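These notes are about the structure you will find just below.
The values are calculated or read from the model by the stated rules, or taken from the named source; none is laboratory data. Here the structure is a predicted model, which means the values were calculated and not measured. Here Cβ is always computed from backbone atoms with ideal geometry, including for glycine, and neighbour counts include all displayed protein chains.
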Amino acid sequence: MEQIAFEKAGIIKRGVPVVTAADKPEALAVLEKTAGELECPLLAVGREVRVECTGATLDGQVFDYQSRQRKLRDLKIALLGRHQVATAVLRKTLQGAKFT
């Protein structure tokens, strides 16, 4: 796990914010170390951003989102799988888009 995280951390560029949904402590530790060395702010889903799945049907999932700036409830995506919620949150965060 640490080796995979180390390889993924290779794309981190000095001063550029890092957003991750890594949930394994050993992987997160590698990303934190690299981000720190390269002076990059790090935002981790599950730590600075909290996501809670509140429902799922064959049509998709519903989840709540909370960051320091906002709390949103009953957001919907048309994909199934816990990782899909994390991916949706990462994409929106990277795009700088606002959840509506």
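Could you check, for region 76-85, whether at least one of its residues is at pLDDT 85 or above, on the phi > 0 side of the Ramachandran plot and exposed (fewer than 14 other Cβ atoms within 10 Å of the Cβ)?
Within region 76-85, one or more residues are at pLDDT 85 or above, on the phi > 0 side of the Ramachandran plot and exposed (fewer than 14 other Cβ atoms within 10 Å of the Cβ).
Applying the selection to region 3-24, what residues are more than 12 Å from Pro41 (Cβ to Cβ) and polar (S, T, N, Q)?
Residue satisfying the conditions is Gln3 alone.
Identify, from the list Glu52, Glu39, the residue that is touching a residue at least 24 places away in the same chain (Cβ under 8 Å), out of contact with any Leu (no Cβ under 7 Å at 6 or more places or on another chain) and acidic (Asp, Glu).
Glu39
Does Ala5 count as more than 15 Å from Val85 (Cβ to Cβ), touching a Ser or Thr at 6+ places or on another chain (Cβ under 9 Å) and at pLDDT below 95?
The answer is yes for Ala5.
Quick one: what pairs do we get from region 63-86, first residue touching a residue at least 24 places away in the same chain (Cβ under 8 Å) and part of a loop (DSSP other than H, G, I, E, B), second β-branched (Val, Ile, Thr) and loosely packed, with under 11 Cβ neighbours inside 10 Å, C-beta under 9 Å, 6+ apart or different chains?
Within 9 Å, the pairs are Leu80/Thr57.
Look at Lys13 and say whether it is surrounded by 11 or more Cβ atoms within 10 Å (Cβ to Cβ) and charged (D, E, K, R).
In short, no.
Among the residues of region 35-48, write down those that are farther than 25 Å from Val85 by Cβ and either surrounded by 13 or more Cβ atoms within 10 Å (Cβ to Cβ) or not assigned by TED's automatic domain parsing to the domain that holds Gly10 (or both).
Leu38 - this is the single residue of region 35-48 that is farther than 25 Å from Val85 by Cβ and either surrounded by 13 or more Cβ atoms within 10 Å (Cβ to Cβ) or not assigned by TED's automatic domain parsing to the domain that holds Gly10 (or both).
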